[in-house]
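Asker: Attaching a single structure in structure tokens format; questions to follow.
The values are calculated or read from the model by the stated rules, or taken from the named source; none is laboratory data. Source: prediction; values computed, not measured. Please note: Cβ atoms are built from the backbone with ideal geometry, for glycine as well, and neighbour counts cover all protein chains shown. Note: accessible area is taken over every heavy atom of the protein model, side chains too, but ligands, DNA and RNA are not part of it. Shrake-Rupley method; radii C 1.70, N 1.55, O 1.52, S 1.80 Å.
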Amino acid sequence: DIIRTIRDPEKPNTLEELEVVTEGGVEVQEIGEEEYLVTIRFTPTVPHCSLATLIGLCLRIKLQRCLPFRHKLEIYISEGTHSTEEDINKQINDKERVAAAMENPTLREIVEQCVTEPE
């Protein structure tokens with residue numbers, strides 16, 4: 001429910017409407033006392049989607065802000081659905097790279113537009 005309303009950076013649709021994220025791509029496992037591993041697999045609309053990293057960043061930021069429990073977060077592109085999935089998976093799961101990306105004012109503004117709940 002948390003990620004279904006994230007908007008696509010280019011289109012007026014949500015990631016759920018575009019089937020970039022689906023309920024089947026979300027997995028939650030208990031890994032400790034009151035701590036969970038949340039794994040998200042998303043599917044870009046095209047295999048060469050230039051915004052796949054940005055979409056992964058939006059997913060990460062929204063979940064970090066909204067999950068009401070302690071968690072470890074892993075976000076991946078669905079296997080075989082993007083030409084550079086391995087590189088993108090590394091980027092969106094690297095804390096330093098995520099922090100650096102969010103220090104960029106332009107990028108931060110785009111992420112905020114995508115993750116802000118509709119009125």
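Asker: So which of Asn104, Asn93 is in contact with an Asp or Glu (Cβ under 7 Å, 6 or more places away or on another chain) and either at pLDDT 95 or above or open to solvent by 60 Å² or more (accessible area, probe 1.4 Å) (or both)?
Answerer: Exactly one residue qualifies, and that residue is Asn93.
Asker: Being among the small types (Gly, Ala, Ser) and open to solvent by less than 50 Å² (accessible area, probe 1.4 Å) is the filter; apply it to region 22-39 and report the residue that is farthest from the chain's Cα centre (by Cα).
Answerer: So the residue we want is Gly32.
Asker: For Glu85, work out the one condition from (1) under 18 Å from Val111 (Cα atoms); (2) buried (at least 17 other Cβ atoms within 10 Å of the Cβ) it doesn't fulfil.
Answerer: (1)
Asker: Output the qualifying pairs, or none if there are none: Cβ atoms under 9 angstrom, residues six or more apart or on different chains, first residue in region 28-39 and closer than 16 Å to Gln64 by Cα, second residue acidic (Asp, Glu).
Answerer: Tyr36/Glu30; Leu37/Glu27; Leu37/Glu30; Leu37/Glu74; Val38/Glu27; Val38/Glu74; Thr39/Glu27; Thr39/Glu74
Asker: Which one of these is in contact (Cβ under 8 Å) with a residue 40 or more places away in the chain, open to solvent by 70 Å² or more (accessible area, probe 1.4 Å) and charged (D, E, K, R): Glu19, Glu10?
Answerer: Residue meeting the stated conditions: Glu10.
Conditions tested, residue by residue: (1) open to solvent by less than 20 Å² (accessible area, probe 1.4 Å); (2) within 15 Å of Asp1 (Cα to Cα); (3) hydroxyl-bearing (Ser, Thr, Tyr).
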| residue | (1), (2), (3) |
| --- | --- |
| Arg41 | no, yes, no |
| Ala52 | yes, no, no |
| Gly56 | yes, no, no |
| Leu59 | yes, yes, no |
| Leu67 | no, yes, no |
| His71 | no, no, no |
| Ile75 | yes, no, no |
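One line per residue, one yes/no per condition, for (1) within 18 Å of Val115 (Cα to Cα); (2) at pLDDT 95 or above; (3) not charged (D, E, K, R):
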site: Leu15; (1), (2), (3): yes, yes, yes
site: Glu27; (1), (2), (3): no, yes, no
site: Ile31; (1), (2), (3): no, no, yes
site: Glu35; (1), (2), (3): no, no, no
site: Thr45; (1), (2), (3): no, no, yes
site: Cys49; (1), (2), (3): no, no, yes
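Asker: Which numbered condition trips up Val46, out of (1) touching a residue at least 40 places away in the same chain (Cβ under 8 Å); (2) aliphatic (A, V, I, L, M); (3) surrounded by fewer than 14 Cβ atoms within 10 Å (Cβ to Cβ)?
Answerer: Every listed condition holds for Val46 apart from (1).
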